[in-house]
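The values are calculated or read from the model by the stated rules, or taken from the named source; none is laboratory data. This is a predicted model, so every value here is computed, not measured. Every residue, glycine as well, gets a Cβ built from its backbone with ideal geometry; the counts of neighbours run over all protein chains shown. Note: areas computed on protein heavy atoms with side chains; ligands, DNA, RNA excluded. Shrake-Rupley method; radii C 1.70, N 1.55, O 1.52, S 1.80 Å.
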Amino acid sequence: MSQQTTVSAEQLRAQFGDMSLVAAMNHGREKRAYTHTFGCQQNEADTETIRGMLAEMGYQMTDSPEHADFILFNTCAVREHAEDRAFGNIGALSHLKKQRPDVIIALCGCMAQQEKNVEKIKKSYPQVSLLFGTHALWRFPSLLRRVLTGEKRVFDIGGADDIAEGLPLLRGEGPKAWLSIMYGCNNFCTYCIVPYVRGRERSRRPEEIEAELRELTREGYKDITLLGQNVNSYGKDLGLEIDFSDLLRRLNDVPGDFLLRFMTSHPKDASRKLIDTMAACSKVAKQLHLPVQSGSDAVLSRMNRRYTAGEYRELIRYAREEIPEIVLSSDIIVGFPGETEADFEETLRLTQEIEYDLLFTFLYSKRSGTPAASYEDPATSAEKQARFERLLRAQDEIVARRQAAYQGKTLRLLVDGESKNPDYPFTARTEGNLLVCVRGEDIVVGSFIEAEIEKTSLRCLYAQKR
Ligand code: 5AD
Ligand code: SF4
């Protein structure tokens, strides 16, 4: 069992107590905070926690960095492109800092957890006065307090693999909510930086998760996504008789009209039990995001994924047999070091066989510190780009076909917002999470409706409310 420290509500309140004093020091003027999130849903969930803490400290949220007293970038390190964008954004704020030296610019998240980036920020980005890593999230109020009370620059990337319960959360508008069930990752896929920046797997206790779900349903949230880097290994560190499927069953019993989704699943841990549980639980959406990464066994082995393409296909076959309406999605990395043309063809073949409804495709990005960074990588970027485009074209054809198959069907939808299309003024999601634009009388955001699909495109279904 791994070490797990739960940060107590007292520790948190002690920080906020201090913080409200600091907020009161602001000469009565309202303080505003702006946050920007890069990367995955986990980061979005972390930003909601930070916004919750900021609100608790007396900050108002603003959508404009120009009007903010506090600016925060929550960063992603999964691919180089995300890091470049974050550095670009911070760079662009140097003029703002010159005009308004009092503005506090802060950086957190996966990029901030890496020593090399900390050095770069220290040296070349003097406008950043606060930097904290993923492990220091719950200490944010006391770190900010240090900056507010005169410390020039505060950097904190220390901390253990804690779980902080009881942190405030400021969630976004609409019926969707993230619900973290575990943190960290133990898998060490050879291309991936996540285990280095988010630490080891640790699961929240089931009663804490259930209590948060009950709270969410009371607040009216209807589309709730359980989050973790690898939700299928939920519970392994708890020393309790509970796995992810058991947790799903327990949450499915919570009263109310809502949908439960989850991500991300790792194929090596996703089991028939999981599929059976999905089939049996009425509130669990019939949707599975199961990243395959590659269709070649040689590449999967070098990625340290610990399953074969055959095992993966078998699980998908079982899922389609048990849940014919299941919506399937996946992540694929093109151009992993040593990927040959033949390896790529296998990936292409697998995607054409499975026919995912949604595919997230990424060009391999070298992450220093990961094993794959030192693998031989003879393919040129032009070759990799050509493979990438072939995959996109093939997938577009599949999606067009799959979307068209919904024509004329009547589906249950959750209305989740307003659209920019005057003919179909609302957006909604199918149970499988496909995007739908809807029209009709008496449509209310946050409600479930029945609607008939009138036409389809690559990215959207168009429906008339029944
Ligand atoms: N390069 C490209 N894609 C990556 N991913 C993770 N690490 C890398 C990398 N170094 C992709 C994987 C993962 C998704 C979230 O990001 O496909 O499933
Ligand atoms: Fe990265 Fe693999 Fe962990 Fe996913 S399972 S976060 S890809 S190491």
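Per-residue answers, yes or no, for (1) within 24 Å of TYR462 (Cβ to Cβ); (2) of a type outside the set (A, V, I, L, M):
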position	(1), (2)
GLY369	no, yes
GLU376	no, yes
ARG387	no, yes
LEU392	yes, no
GLN403	yes, yes
LEU413	yes, no
PHE426	yes, yes
THR430	yes, yes
LEU434	yes, no
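Residues that are away from ligand 2 (no atom under 16 Å from the Cβ) and buried (at least 16 other Cβ atoms within 10 Å of the Cβ) are absent from the stretch 187-194. Residue-level check: of (1) away from ligand 1 (no atom under 13 Å from the Cβ); (2) out of contact with any helix residue (DSSP H, G or I) (no Cβ under 7 Å at 6 or more places or on another chain); (3) closer than 24 Å to ALA211 by Cα, ASN230 misses just (1). Counting only residues that are open to solvent by less than 20 Å² (accessible area, probe 1.4 Å) and either away from ligand 2 (no atom under 16 Å from the Cβ) or at pLDDT below 95 (or both), the stretch 352-375 holds 3 of them.
Among the residues of the stretch 88-108, at least one is more than 24 Å from ALA14 (Cβ to Cβ) and under 21 Å from the mean Cα position of the chain (by Cα). For first residues located in the stretch 345-367 and closer than 11 Å to VAL292 by Cβ, partners that are more than 16 Å from ligand 1 (Cβ to nearest atom) and open to solvent by less than 60 Å² (accessible area, probe 1.4 Å) and lie 6+ apart or on another chain with Cβ distances below 6 Å form the pairs ILE354/ILE316. Residues in the stretch 205-214: is at least one in contact with a Pro (Cβ under 7 Å, 6 or more places away or on another chain), open to solvent by less than 10 Å² (accessible area, probe 1.4 Å), away from ligand 2 (no atom under 16 Å from the Cβ) and within 30 Å of ARG412 (Cβ to Cβ)? No, the stretch 205-214 contains no residue that is in contact with a Pro (Cβ under 7 Å, 6 or more places away or on another chain), open to solvent by less than 10 Å² (accessible area, probe 1.4 Å), away from ligand 2 (no atom under 16 Å from the Cβ) and within 30 Å of ARG412 (Cβ to Cβ). ASP257 - would you say it is more than 16 Å from ligand 2 (Cβ to nearest atom), in contact (Cβ under 8 Å) with a residue 60 or more places away in the chain and not in a strand (DSSP E or B)? Judged against the criteria, ASP257 is a match. Restricted to the stretch 78-116, and to residues there that are open to solvent by 20 Å² or more (accessible area, probe 1.4 Å) and either among the β-branched types (Val, Ile, Thr) or touching a residue at least 60 places away in the same chain (Cβ under 8 Å) (or both), the residue that is nearest to LEU144 (Cα to Cα) is GLN113. Scanning the stretch 303-328 for residues that are within 16 Å of LYS268 (Cα to Cα) and within 16 Å of ligand 1 (Cβ to nearest atom) yields MET303, ASN304, ARG305, ARG306, TYR307, ALA309, TYR312. For the stretch 304-351: of the residues being outside any helix (DSSP H, G or I) and within 14 Å of GLU383 (Cβ to Cβ), which is most open to solvent (accessible area, probe 1.4 Å)? Applying the filter and picking the extreme gives THR340. Of the residues screened, GLY295 is not one that is outside any helix (DSSP H, G or I) and at pLDDT below 95. How about the stretch 233-271: which of its residues are of a type in the set (S, T, N, Q) and more than 16 Å from ligand 1 (Cβ to nearest atom)? Across the stretch 233-271, the qualifying residues are SER245, ASN252, SER271. Scanning the stretch 46-77 for residues that are surrounded by fewer than 19 Cβ atoms within 10 Å (Cβ to Cβ), out of contact with any helix residue (DSSP H, G or I) (no Cβ under 8 Å at 6 or more places or on another chain) and not β-branched (Val, Ile, Thr) returns GLY52, ALA55, GLN60, ASP63, SER64, HIS67.
Would you mind finding the one in LEU248, LEU240 that is open to solvent by less than 50 Å² (accessible area, probe 1.4 Å), away from ligand 2 (no atom under 14 Å from the Cβ) and of a type in the set (A, V, I, L, M, F, W, C)? Sole residue among the options that is open to solvent by less than 50 Å² (accessible area, probe 1.4 Å), away from ligand 2 (no atom under 14 Å from the Cβ) and of a type in the set (A, V, I, L, M, F, W, C): LEU248. The residue that is nearest to GLN352 (Cα to Cα), counting only those in the stretch 262-292 that are open to solvent by 10 Å² or more (accessible area, probe 1.4 Å) and in a strand (DSSP E or B), is HIS289. Can you tell me which residue in the stretch 1-18 is most open to solvent (accessible area, probe 1.4 Å), limited to those that are at pLDDT 70 or above and hydroxyl-bearing (Ser, Thr, Tyr)? For the stretch 1-18, the residue satisfying everything is THR6.
Remark: pairs (first residue in the stretch 284-304, closer than 15 Å to THR347 by Cα; second residue away from ligand 2 (no atom under 15 Å from the Cβ) and in a loop (DSSP other than H, G, I, E, B); Cβ separation under 6 Å; 6+ apart in sequence or on different chains) = ASP297/THR308; VAL299/GLU339. Return yes or no: is GLY150 at positive phi and either within 16 Å of ligand 1 (Cβ to nearest atom) or open to solvent by 10 Å² or more (accessible area, probe 1.4 Å) (or both)? Spelling it out, GLY150 is indeed at positive phi and either within 16 Å of ligand 1 (Cβ to nearest atom) or open to solvent by 10 Å² or more (accessible area, probe 1.4 Å) (or both). Taking the conditions exactly as written (modelled with pLDDT of 95 or more and either within 16 Å of ligand 2 (Cβ to nearest atom) or buried (at least 16 other Cβ atoms within 10 Å of the Cβ) (or both)), does LEU414 satisfy them or not? Judged against the criteria, LEU414 is a match. Using the structure shown, decide if ALA319 is in contact with a helix residue (DSSP H, G or I) (Cβ under 6 Å, 6 or more places away or on another chain) and hydrophobic (A, V, I, L, M, F, W, C). Taking the combined requirement at face value, the residue satisfies it. For the stretch 133-143, the criterion of being under 20 Å from ASP237 (Cα atoms), away from ligand 1 (no atom under 16 Å from the Cβ) and surrounded by 19 or more Cβ atoms within 10 Å (Cβ to Cβ) is met by at least one residue.
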